[in-house]
Amino acid sequence: MRYADVSRKKRKLLNVTSITVEEFERVVPVFEEEFQERMKKWRLDGKERVARKYTTYTNCPLPTPEDRLLFILVYLKTNNLQEIHGELFGMSQGKANQWIHALLPVLQSTFRRLGDAPARSMQELAERWGLNNLPDLSSLVPDETIAVDEIPHSMPDCSHAVLDTPQDMHPLVPVIPNGSSDDLQPEEHNPAGPPPFAMMGPRGASRDRKTRRNRKNITVARKRLTP
């Protein structure tokens, strides 16, 4: 995937990066400046640079600033696996990992310079909007919370409440829409017995006996039915 190919279709660039061609071209110069500034101190593998300066090789998978910006924007938009993202840009998973960790802080510093980075505090957001005073949000926050020790003693303690249920209480008779409820008589309620659902047996077709056949008999039966 190269920017020269993707930029020919503006709709495609918008789908894979969430920004238009005009916005992309506005970010590229600042992004390249931040990238070159970072590469003066750090190598691509994350180690500190102590020898020669950074140069873009002819066989680099991301040879242009546009390709480097496209690489990191597509990664943030699609959230691909590094293995898949490397295949999109013609590199291995290890190289994709190095480029991702190198370009993420570059993109963050780029958005900060352009003023597009997310605000990290209410004060910063107010300054960005040109507001002198922050909105009063104290009404949305409760003044104080009620602690457990501050609960008044007049409130009843229901933690150990026991329902007063008569032992000889019979279950209610269900109402049948198309019949009479007199046809059903309540059974004796035995509190010490098992629950009702454990006594229910199979009904309808589930009570029919199942004919069990082994695989050989089934094969013979199929051959007989086959013309």
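Quick note: the coordinates plus some simple rules give every number you see, no bench work behind them. Keep in mind that this is a model prediction, so the values were computed, not measured. Note: ideal-geometry Cβ built from the backbone for every residue, glycine included; neighbour counts use all protein chains shown.
Give the calculated FRET efficiency between A4 and L125 to the nearest 0.05, with a Förster radius of 22 Å applied to their Cβ-Cβ distance. Could you put the intermediate results ahead of the total?
On the way: r = 38 Å, r/R0 = 1.72.
Taking R0 as 22 Å, the efficiency between A4 and L125 is 0.05.
So which of K47/K95; K12/K77; K53/K77; K9/K77; K40/K95 end up more than 23 Å apart, counting from Cα to Cα? Please report the intermediate quantities before stating the final value.
On the way: K47/K95 15 Å; K12/K77 13 Å; K53/K77 31 Å; K9/K77 17 Å; K40/K95 19 Å.
Cα-Cα > 23 Å for K53/K77; rest within.
Which net charge results when you count Lys and Arg as +1 and Asp and Glu as -1 among the other residues whose beta-carbon is under 14 Å from that of V30?
On the way: positive: R26, R38, R68, R112, R113; negative: E23, E25, E32, E33, E34, E37, E66, D116.
In short, -3.
Please list, ordered by chain and number, the residues whose modelled amide H lies under 5 Å from the amide H of W42; skip anything fewer than 5 residues away on the same chain.
Amide H to amide H, under 5 Å and 5 or more residues apart or across chains, W42 pairs with R49.
With a cut-off of 18 Å, note down the residues of segment 73-113 whose backbone N falls inside the zone around a label point 7 Å from the Cα of E23 toward its beta carbon.
From segment 73-113, the list is 73-79, 107-113.
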